[in-house]
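Step one of this worksheet: look at the structure below.
The values are calculated or read from the model by the stated rules, or taken from the named source; none is laboratory data. Owing to the predicted nature of the structure, the values given are computational and were not obtained by experimental measurement. Here the Cβ is made from the backbone with ideal geometry for all residues, glycine too, and neighbour counts use every protein chain on show. Accessible surface areas use protein heavy atoms only, side chains included; no ligands, DNA or RNA. Shrake-Rupley method; radii C 1.70, N 1.55, O 1.52, S 1.80 Å.
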Amino acid sequence: MGGAASKNVRTEHFSLEDLLTADDSVDMRKATIIIWKNRHRPEVISELADLLSEYSDQKTVFEGIEFYLPQLAHMIIHLEVDWPTAALEQFVLIVCQHSLHFALQLHFILVGAMEDYQVEGSDGRRTVHGNQRYYRRCAKLLQNVHRCVVYGAPRVRHLEDLYRSGKLSKTELEELGIAERRFQAAQILDPTEITVGGKEHSVMEGQLAYKRHLRRSCCHSKGWKLRWFKIQDRVLYCYNSKDCGRLHRAVPLEAAVVAVVDHPRHEHYFEVSPAATGGAACVYMLKAETKEEMEQWVNQLKAQSMAPTFLQKGEEHMLYPAEFGRYQFFKSQRDFINRLTDISEEMRFLDRGIRTRALKERLPDVKIPPAAYLPLCQSTEPWCRILGLLPEEARAFSTKERCPCLVLFEVEKDMQVDVANYLHQRYGALDADGETPPSLRLSASQGGGGLEMANANGGSGETLPRKAAEDAQAGAITDSRAKGPAPSTFATIFSSISYHSSSQTGASSATDTDTQDADANGNHVPTSITSVQSISSLGPSSKQHGQEAPLCLGPLVDREDEDLGDVQAGEGAQAQRRLSLPSIGMRASASGRTNPSLWRVSRPNIAQELRKIPAEFRAALRKRRMPSMHSARGEGKEIGGGALAGLGGSTRGGGGGGLMSMGSKIEAALGLSMRSSMEGEGGRRESDFEDPNKIVPCYGEVWVQKRNRLREKTSFTEAVAAGRWDLQAVIVKSHDDVRQEVFIMELISFYEEVFRLAGLAIWLRSYKIISTGNSTGLIAFLTDAISFDGLKKSSDYPGTLRGHFEKIYGGSGSPEFKAAQQNFAQSLAGYSLLSYLLFFKDRHNGNIMIDKKGHVIHIDFGFVLGVRPGGRFSFERAPFKLTAEMLEILDGPDSALFSYYKELMVQGFKTAHAHAETVICLMEIMSFQSKFPCFVKVGPAQAIAAFKARLCYGQTLSDAQIIRIVDGLVARSYDACGTRWYDKFQLWTNGIMP
């Protein structure tokens, strides 16, 4: 929260007993709550982060980490900046090494935060939320994430080779793998590991004269000012004095243009033009005292602007192919997504009548990089690689302020491998021959117990026994790293591997890019890495290699005609091995073992882990309670795993006898179940809702039919023949901060899972939203659904919703009609309840959709948690939208179906009341230093207090009280006057049908 959050903070003790689930996994929901409630106890956070790192390779734990990533990132940015440790940052860096997809999501979150906290905008004016502490924090975090991406965990792939050859067990592979990732994260966080010629690197800083090429008045010219400049974290900071007091400017240096200009009046003059704010108006004009000083600044700035792009032709920097492959993948994927959002922004400035045509003309120019995919997924979901765009199927939606664009993609879907494992197998630490780089190989001569070191010439050296490696570890770890969580025992065999160049570093200038030596075959070999390039490297050190590590994009898994972009192999480089897509995750070794999954199968030794935890935190685990938690349906199945591991079906606030007896009467009268069904929607087959003669006129082309039509026309016949061709759609948005919608969708997903685990038949539709900045984002497209507004504007609409149901699903007595009625009641109950609890407003018929099965779906959550259009004068005073024609579908207010709808709301309210603590905690985290409109306009304390009041938090409610609450909400909402007037207002102003 804001300032109110720091007062009267509840501090709860660390409870490992509650943290572990029945299957000895970690409940990330409870872990997130514990981190927040113990935010003023960094020592507790450090111990918890250390424990979470050990479990991070369990699939269910990883899914929970991804689900709560917005909260974890928010706390790392805003809380850990004041902590004496970087435990949470080290934890997420370990997770980034597990999954490039996770790193990409974190990258987008950090970019949005940097845009929030930059001290000036692209127009040169100071921003409202500018904050130099948080800006620098985000810049440093972003750089560390990029280091993790490029350098990864290089020895993991060789460990996997040892596993496939039968020289390591699966348990040893898992333990050594997590130890390697922990060690890499510690290396990245330790600034003393970034060295120049064996010496600790110091940030360049000094005084320069500067002025901007931005004039706010045509009558006054800009004057030169003396300011103190500092290069750090790939940002050029401009302070008012040497003591780094007030921050005036912060110039991102990635891809910035740095040029020495021959000025007619000023000597030693150069310019910096940041790419992030593009445009001549943002050019920074700088002037040094001497030529030597100018050259030093220019060299340093150029080096920073090229990092991590330090593999351009003619540069001295070289990486292993896999490292370059990860960098190239990450950068091209980021640029691909940014290009889509840029197109959406370009459409915004065109006339509405030509937007769709212009969109179709621009999309063919979008370059699809190798291994491109839509990041609207989880790391554990099946891998879907983009094959091509479908410009003719694109559409631009016209609104007053922005232009969301619908874009369709042809993809190749592989159900045999998930996103994280695919990217790991493709971009693992392999050299050009598909082998682990020589300097990173572990010797298998002792069953993985020794370490094969590389000698100074890059060849294989002697084998270092484990005991010697442990001794080397003791002297290798610096004091600063020793302050953090101690690496596990298995990490000792990694620590003595040298990260530094095998040759002596030189002191040549970064501008001498054409200076190269030649090897025995006459091939060009880059010269030694200079101090400037070392500064710009992404990892603990820069590496120099000759012909044994040509610059190429690792093992390729794409089709033969795939464009490799600008990736060029050096002369004499060996031809790249091409792997077919099915080989990923399926290659078997001589021992018969296939590529191991990233996800841990065996569990860590709990007793061994306890020995690492201080005594004050051990007592909880000694009790070893952990009774099995059974679902409310009484099937005897344990609930566990994922984002909501440990959530049971039990509810608080009195017994359920009265509620369940009433529900049983309704079930008997309707033939419907109050419990959720695992057999589909009301027992109906998919085909029952897909009669094209009925659905197409109102809903447009059914998604299955669209997919079949486009599959017949596609040129990717191999994917079709293999049964892997599929179709995906996404809405690209710009000029719109979707981060609040990301948070609300997270809460909807939480309630959706809570209701499912409780066995309720309440239906909600969560969909993926990802923000790529503070004004751009991607939203998953809802197939086979149309807004109430679009439905009522269709030429085949019969005039009422009831008439539409009868026309599409048959008469009121048909099975299809009854199934659609049930779907409508179940979804209406879910969204009515959440509309009240989370205060959904702006509920005109353009923001409420209905799918082909009769489900109601709410979208667009710009007004939530106390914020509503018109503020205090808003028409929307009812708890939720419940119109007369909605009730008509439920057979009227006296029908059994309407009672079914209310009973679902009663059961849902009771379940939501039982899990209020989690939602309140998530709100408290995201409201701290928040930029969300729902917290900025209303106030964090007020928004959360209002939510507690709506949910009756802290009160013990009887069944009768819950029934009275729901009856009152329904009575106040049914055909409310304010709802009708708001629909009329939207019709008059925006043409949205009521």
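Take the range 85-181 with all the other protein chains still there, run a 1.4 Å probe, and you get 25 Å² of accessible area per residue. Modelled spin labels at Tyr953 and Phe985, positioned 7 Å past Cα toward Cβ, are 2.8 nm from each other.
Cα-based values for the range 16-189, radius of gyration first and Dmax second, are 17.4, 62 Å. For the range 785-990, the square roots of the Cα gyration tensor eigenvalues, ordered a ≥ b ≥ c, give a/c of at least 1.5 with a/b no greater than b/c, which places it in the oblate category. A simple spin-label model places pseudo-atoms 7 Å from Cα toward Cβ; at Asp796 and Ser874 they are separated by 3.7 nm. When all protein chains stay in place and ligands, DNA and RNA are ignored, the 1.4 Å accessible-area order of Asp335, Asp351, largest first, is Asp351, Asp335. Within the shell defined by Cβ-Cβ distances under 12 Å, the residues around Thr399 carry a net charge of +3, with Lys and Arg each +1 and Asp and Glu each -1. The modelled label-to-label distance between His735 and Glu271, using points 7 Å beyond Cα along the C-beta direction, is 2.9 nm.
For the range 338-416 versus the range 82-109, the spacing of their alpha-carbon centroids is 28 Å. Ignoring any ligand, DNA or RNA, what whole percent of the accessible area of the range 785-990 comes from carbon and sulfur when the probe is 1.4 angstrom? Using a 1.4 Å probe with all protein chains present, the range 785-990 comes out at 54 percent carbon and sulfur.
The residues of the range 785-990 expose, per residue, 33 Å² of accessible area to a 1.4 Å probe.
Simple point charges give the picture: +1 on the Cβ of Lys and Arg, -1 on the Cβ of Asp and Glu, and for the range 785-990 a dipole about the Cα centre of about 580 debye. For the peptides 404-410, 794-800, residues were scored by their other Cβ atoms within 10 Å and the scores averaged per peptide; the highest-first order is 404-410, 794-800. Report the net charge of residues surrounding Cys977, where surrounding means a beta-carbon distance below 13 angstrom and charges are Lys +1, Arg +1, Asp -1, Glu -1. Charge balance in the 13 Å sphere: +2. Based on the Cβ-Cβ distance of Cys977 and Asp365, what FRET efficiency does E = 1/(1 + (r/R0)^6) give at R0 = 51 Å, to the nearest 0.05? According to the calculation, E is roughly 0.50. Couplings 3J(HN,Hα) for the range 799-812, derived from phi with the Karplus relation 6.51 cos²θ - 1.76 cosθ + 1.60 (θ = phi - 60°), are x, 9, 5, 4, x, 5, 4, 5, 6, 7, 9, x, x, 5 Hz, where x marks Gly and Pro.
Full extension of the chain between Arg126 and Ala259 yields a length gain of 45.3 nm, computed as 0.36 nm times the residue separation minus the alpha carbon distance.
Among Phe108, Phe839, the order of accessible area from largest down is Phe839, Phe108, computed with a 1.4 Å probe on protein heavy atoms. What a 1.4 Å probe finds exposed on the range 16-189 is 49% carbon and sulfur by accessible area, rounded to a whole percent.
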